[in-house]
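The values are calculated or read from the model by the stated rules, or taken from the named source; none is laboratory data. Because the structure is a prediction, the values reported are computed rather than measured. A quick note on method: Cβ atoms are made from the backbone with ideal geometry, for glycine too, and the neighbour counts reach across all protein chains shown. These area figures cover heavy atoms from the full protein model, side chains too; ligands, DNA and RNA do not enter into them. Shrake-Rupley method; radii C 1.70, N 1.55, O 1.52, S 1.80 Å.
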Amino acid sequence: MKNAIRDLRATHGWSQAHLAALLDVSRQTVIAIETGRYDPSLPLAFALARLFGQPIETIFFPDQETA
């Protein structure tokens with residue numbers, strides 16, 4: 001799953017470590033989400049959406065559309 005976490009984080013001027021601390025996850029988790037190697041749990045996705053003040057569907061989107 002693709003996401004806009006890196007761009008949103010940069011817009012806020014936050015480091016990966018700062019975002020990890022806000023979410024109570026490891027920096028490695030933030031890196032894995034940003035690179036698409038890890039899809040966050042639904043509660044974590046909601047926490048990210050709340051933190052950035054955006055709907056989940058504007059932060060996360062599928063790699064490719066399926067019919």
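Considering only residues in segment 1-36 that are open to solvent by 50 Å² or more (accessible area, probe 1.4 Å) and among the aliphatic types (A, V, I, L, M), the one that is nearest to A47 (Cα to Cα) turns out to be L22. Across segment 40-56, not a single residue is classified as surrounded by fewer than 16 Cβ atoms within 10 Å (Cβ to Cβ), in a loop (DSSP other than H, G, I, E, B) and modelled with pLDDT under 95.
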